[in-house]
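*Asks:* To start, I am sharing the structure in question, which I have written as structure tokens.
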Amino acid sequence: MELQRTGISLIYRLELTNQGTTFAKVASLVGDAGGDIAAVDVIRVTPDMVVRDITINVSSREHGRQLADILDREPGIHVVAVSDRTFLVHLGGKLEVAPKLQVKNREDLSRVYTPHVARVCEAIHEDPSKAFQLTIKRNTVAVVSDGTAVLGLGDIGPYAAMPVMEGKAMLFKQFAGVDAFPICLDTKDPDEIVETVKQIAPAFGGINLEDISSPRCFYIEERLRKELDIPVFHDDQHGTAVVMLAGLLNAAKLVGKPLPSLKVVVVGIGAAGVACTKMLLKAGVTNILGVTLDGIIHRGATYENEMWNWYKEHTNPDNVTGTLDDAIAADVFIGVSGPGVLTVDHIRKMAPDPIVFAMANPNPEIEPELAAPHVRVLATGRSDYPNQINNVLCFPGIFKGALTARAYTINEDMKLAAAEAIASTIRDHELREDYIIPSVFNQSVVQRVADAVAEAARKSGVARREVPPTNNF
């Protein structure tokens with residue numbers, strides 16, 4: 001899938017001579033070329049020229065280059081440099097390691113390092129569980145990727161995946177106070193990935209798998225969950241599923257349809273599609289049809305993909321066959337596939353008050369402008385439309401709750417609790433068609449999710465620590 005460019009902000013450093021060249025002339029050239037000036041700063045003034053930094057929003061990199069050529073050809077204007085604001089944010093990376101206390105004298109040095117640190121090492125050696133109390137393990141997550149399924153870019157490798165994993169680590173810290181570190185592995189071998197993660201696991205309290213291609217991601221997660229005693233969570237699968245269910249809980253409430261009564265069609269039975277289906281089953285939905293490029297998954301077929309063989313045994317109770325056209329007479333459409341899959345004609349065949357979650361990102365299964373007049377509730381994965389299904393609502397709180405409870409896994413009960421907590425952030429009287437899911441910047445979401453997840457961990461028997469709600473340890 002091609003990654004959509006939604007706009008680029010560039011900083012043009014211009015030298016303007018004082019021979020009649022004015023800022024008004026620059027603004028006119030920019031406007032005529034389709035640019036949008038966002039900010040202007042004066043850098044230097046001399047008797048002969050003015051140097052300005054002008055921030056301009058352009059539609060693409062090529063548009064930005066064309067605008068630079070237009071400005072540079074104009075007498076009295078010289079383009080000194082063009083900087084991409086997004087690239088400037090990434091210079092040197094987006095993370096740093098900072099100590100929690102300062103080493104100011106020899107006594108401080110002896111306590112944080114040699115010789116006194118040896119006593120702490122001995123205590124952990126005698127009781128390894130003390131690593132949760134006496135090291136960063138208690139609040140640290142590894143964000144692990146092999147770079148094989150990054151955004152809409154596909155297999156771009158571990159080096160190119162680093163900016164995404166750094167960004168994920170930033171969100172862990174900013175939203176939940178959890179320290180996270182990007183680990184990008186230079187191997188595509190599932191067994192090597194499993195073994196590498198197992199070797200680094202002593203330093204971390206949890207493992208967030210990210211942007212690993214399907215179906216390899218299923219095998220990697222399954223093995224790590226079995227072989228590690230800390231939470232392992234593939235966010236592309238389960239994060240999407242949790243936030244999807246949170247939105248669906250509120251959408252179903254809004255249209256007055258109980259979850260067990262819903263007929264749901266899921267299009268795109270990869271990592272996210274399978275996880276969404278498992279969450280729907282956990283929440284009580286029983287009539288689910290999965291649709292792939294080859295048609296509806298049904299019990300009369302045998303599939304090379306083992307997850308599809310699991311799927312046919314747990315969904316499609318009426319064993320419907322055919323294509324999306326044969327499945328679409330449903331209450332809910334869940335899309336985790338690609339653009340152009342769903343049409344207005346499909347929506348017209350759905351049940352009254354149709355709910356459409358077109359979550360392919362960045363380009364949804366149907367253009368929102370086309371779908372909106374024909375649906376009751378519409379959600380996408382995009383931030384420029386209402387009801388964004390965004391994993392940021394999920395993973396910071398889930399890991400915070402799991403780490404707080406010192407859970408050794410993240411189970412289905414904890415994920416369901418997270419979905420219900422996200423949904424409950426919006427009170428019944430606030431629900432409306434364009435507000436079924438809270439903003440990622442709603443400050444109450446993370447703590448609600450963390451509390452609910454820690455309590456679900458306790459109730460389901462996977463917690464190793466009792467923690468009262470809202471205790472941030």
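The values are calculated or read from the model by the stated rules, or taken from the named source; none is laboratory data. The structure displayed is predicted, hence computed values, not measured ones. Ligands, DNA and RNA are excluded from the accessible area calculation, which covers all protein heavy atoms including side chains. Shrake-Rupley method; radii C 1.70, N 1.55, O 1.52, S 1.80 Å.
*Asks:* Cα extents of segment 325-369 along the three principal axes, largest first, in whole Å?
*Replies:* Projected onto its principal axes, the Cα set of segment 325-369 covers 27, 18, 18 Å.
*Asks:* Let me ask something additional. Suppose only helical runs count, i.e. DSSP H with n ≥ 4. What mean residue ellipticity at 222 nm does that imply for the chain under -39500 (n - 2.57) per run, divided by all residues and rounded to the nearest 500 deg cm²/dmol? Walk me through the numbers before you get to the answer.
*Replies:* On the way: 18 runs with 188 residues, N = 473.
Using -39500 (n - 2.57) per qualifying helix, the result is -12000 deg cm²/dmol.
*Asks:* OK, next. LYS94: which aspartates and glutamates have alpha carbons under 12 Å from its alpha carbon, excluding same-chain residues fewer than 8 sequence positions away?
*Replies:* Candidates past the 8-residue exclusion: GLU166.
*Asks:* Setting aside same-chain residues fewer than 8 positions from LYS100, which lysines have a Cα under 24 Å from its Cα?
*Replies:* The qualifying lysines are LYS130, LYS137, LYS168, LYS173, LYS400.
*Asks:* What percent of all Cα-Cα pairs in the chain falls in each 10 Å bin, counting up from 0?
*Replies:* Going out from 0 Å in 10 Å bins, the chain shows 4, 17, 24, 23, 16, 10, 5, 1, 0 percent.
*Asks:* Next up: Residues of segment 237-394: accessible area per residue at 1.4 Å, in Å²? Could the numbers behind the result be given before it?
*Replies:* Values: 5760 Å² over 158 residues.
Result: 36 Å² per residue.
*Asks:* How large a share of the accessible area of segment 50-198, in percent, is made up of carbon and sulfur atoms when the probe is 1.4 Å and the other protein chains stay in place? Intermediate results must be reported in sequence, preceding the final value.
*Replies:* Details: 4970 of 8940 Å².
So the carbon and sulfur contribution to the accessible surface is 56 percent.
*Asks:* With only alpha-carbon pairs counted, each pair once and no self-pairs, how large is the Kirkwood hydrodynamic radius of segment 307-419 in angstroms?
*Replies:* Working: mean 1/r = 0.0618 Å⁻¹.
Radius from the Kirkwood sum: 16.2 Å.
*Asks:* So for segment 245-346, if I pair up every lysine 8 or more residues apart or on another chain, how many of those pairs have alpha-carbons under 18 Å apart? Intermediate results must be reported in sequence, preceding the final value.
*Replies:* Details: LYS253/LYS263; LYS253/LYS282; LYS257/LYS282; LYS263/LYS278; LYS263/LYS282; LYS263/LYS312; LYS278/LYS312; LYS282/LYS312.
Total qualifying Lys-Lys pairs in segment 245-346 comes to 8.
*Asks:* Could you work out the Rg to Rh ratio of segment 285-325, with Rh taken as the Kirkwood radius (inverse of the mean 1/r over all Cα pairs)? Let's see the in-between values first.
*Replies:* Details: Rg = 9.3 Å, Rh = 10.2 Å.
Expressed as Rg/Rh, it is 0.91.
*Asks:* Take every DSSP beta bridge with both residues inside the chain and express the antiparallel ones as a percent of the total, to the nearest 5.
*Replies:* Percent antiparallel among DSSP bridges in the chain is about 50.
*Asks:* Run through the DSSP bridge list for segment 334-473 and note the antiparallel percent, rounded to the nearest 5. It would help to have the intermediate numbers written out before the result.
*Replies:* Values: 1 of 8 bridges.
DSSP beta bridges in segment 334-473 are roughly 10 percent antiparallel.
*Asks:* Compute the Rg to Rh ratio over segment 71-158 from the alpha carbon atoms, using the Kirkwood formula for Rh, and round to two decimal places. Don't skip to the end; give the middle numbers.
*Replies:* Values: Rg = 23.9 Å, Rh = 18.9 Å.
So for segment 71-158, dividing Rg by the Kirkwood Rh gives 1.27.
*Asks:* Another one. Please report, to one decimal in angstroms, the Kirkwood hydrodynamic radius of segment 203-256 built from all distinct Cα-Cα pairs. Intermediate results must be reported in sequence, preceding the final value.
*Replies:* On the way: mean 1/r = 0.0786 Å⁻¹.
Over segment 203-256, the inverse of the mean reciprocal pair distance is 12.7 Å.
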